[in-house]
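Just so it is clear, none of the values below were taken in a lab; they were calculated from the coordinates. Owing to the predicted nature of the structure, the values given are computational and were not obtained by experimental measurement. Counting neighbours? That spans all protein chains shown, and the Cβs are built from the backbone with ideal geometry, glycine included.
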Amino acid sequence: MPSKYNKLQDARVLIIGGTSGIGFATAEAVVESGAFVVFASSKASSVANAISRIKASYPKATTKIRGYQVDLSEAETLESNLTALFETATGSNTVKLDHVVYTAAGVPDVPSLVDFTATKTKPAFLLHRYDAPILVGKLAPTYLSPGPRSSITLTASSTASKPTPGRPLLTALGSATEGITRGLAVELAPIRVNAVSPGVTDTELLVAIVGSDPTVLADFKQTLKKETLLSSVGAPDDVAEAYLYLMKDGNITGEIIYSDGGRKLKPAI
Ligand SMILES: NC(=O)c1ccc[n+]([C@@H]2O[C@H](COP(=O)([O-])OP(=O)(O)OC[C@H]3O[C@@H](n4cnc5c(N)ncnc54)[C@H](OP(=O)(O)O)[C@@H]3O)[C@@H](O)[C@H]2O)c1
């Protein structure tokens with residue numbers, strides 16, 4: 001049973017994109033709070049690896065941890081794959097979810113302005129960061145317990161408010177997520193819909209951007225630190241706290257929480 005402040009005890013949380021980075025840290029935080037977690041991502045190896053890592057860290061909670069494959073990179077199968085995931089995660093809707101968290105995104109798949117071109121088929125970066133969150137809003141209410149204790153938390157990016165030079169599409173997509181959040185909050189009330197907007201966070205995504213050479217990675221992080229008030233690159237476990245808060249506060253909806261080291265307020269030097 002949940003207590004007054006440990007509201008996630010025995011809650012059921014689905015984390016789409018929970019096998020790595022911010023999603024994985026959120027999965028750990030959810031398990032540590034006594035909840036059941038189901039996480040999902042596209043690679044069977046990532047799912048298996050995440051299950052064994054989290055079970056090793058929380059051996060007493062092994063029965064509360066499950067993971068499944070879901071691929072969100074094809075328009076034709078996006079909705080059916082998400083529906084299948086919700087069905088599996090809830091035993092064909094016999095056990096309702098309490099919270100859905102969406103952190104999935106491909107490795108740096110968002111093109112620069114010069115590389116962007118209009119295409120007939122929708123690129124994966126749009127499916128991951130636009131269509132899929134909207135479909136989560138369409139599908140999740142069927143599988144969530146009704147009422148304001150339930151929530152959907154999406155993931156935006158601090159670039160929505162402070163553009164990164166050379167990456168205008170990241171700003172556009174982050175802003176779209178913020179708009180999707182507010183639109184869904186109105187549409188799905190009393191189910192709550194919010195988003196976390198991370199700044200640069202020390203996840204596998206950074207390695208995917210610059211590679212695993214330790215010197216290059218350290219230089220990259222050093223440059224990014226200078227962009228924040230706290231001279232920091234966010235730790236996934238800190239950013240995960242924002243997701244926990246949004247799940248637990250039954251009085252918040254339509255809001256975006258920035259966990260970005262004060263990047264927005266950092267004066268230009
Ligand atoms: N890290 C940062 O600095 C930062 C900053 C601002 C915003 N964000 C945003 O925060 C979110 C999470 O970032 P992160 O750093 O935690 O990234 P990450 O470590 O790369 O994790 C991404 C997750 O998405 C899954 N995924 C990728 N493609 C998928 C697909 N086609 N279908 C289903 N799942 C898929 C990955 O697993 P598989 O590979 O198994 O599919 C993984 O679980 C992203 O939206 C990112 O844009 C991150």
request  = For a quick protection proxy, order the peptides 22-33, 167-178 by their average other-Cβ count within 10 Å, most packed first.
outcome  = 22-33, 167-178
J(HN,Hα) series, segment 59-68, from Karplus relation 6.51 cos²θ - 1.76 cosθ + 1.60, nearest Hz, glycine and proline x = x, 7, 10, 4, 6, 9, 10, 9, x, 9
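When all alpha-carbon pairs of segment 138-269 are counted, what percent fall beyond 21 Å?
46
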Segment 78-112 residues near the modelled SER145 label - backbone nitrogen below 14 Å, point 7 Å along Cα→Cβ = 95-100
message = Over segment 1-151, what is the relative contact order in percent, taking alpha-carbon pairs closer than 8 angstrom and at least six residues apart?
response = 24
remark   = For the chain, averaging the sequence separation of alpha carbon pairs under 8 Å that lie six or more residues apart and dividing by its residue count, the contact order in percent is 19
Residues listed by number, segment 1-20, amide nitrogen under 14 Å from SER57 label point at 7 Å toward C-beta = 18-20
request  = Calculate for the chain the 222 nm mean residue ellipticity that helices alone would give, adding -39,500 (n - 2.57) per DSSP H run of length 4 or more and normalising by residue count, nearest 500 deg cm²/dmol.
outcome  = -12500 deg cm²/dmol
query = Can you give the three extents of the C-alpha atoms in the chain along their principal axes, from longest to shortest, in whole Å?
reply = 52, 42, 37
ask   = Which whole-number percent is the relative contact order of segment 175-259 (Cα, under 8 Å, 6+ apart)?
value = 46
query = Say R0 is 45 Å: what FRET efficiency, to the nearest 0.05, do LEU229 and ASN49 get from their beta-carbon distance?
reply = 0.85
task = Please tell me which of these pairs span more than 27 angstrom C-alpha to C-alpha: LYS162/LYS221; LYS60/LYS248; LYS221/LYS264; LYS4/LYS43; LYS4/LYS60?
result = LYS4/LYS43
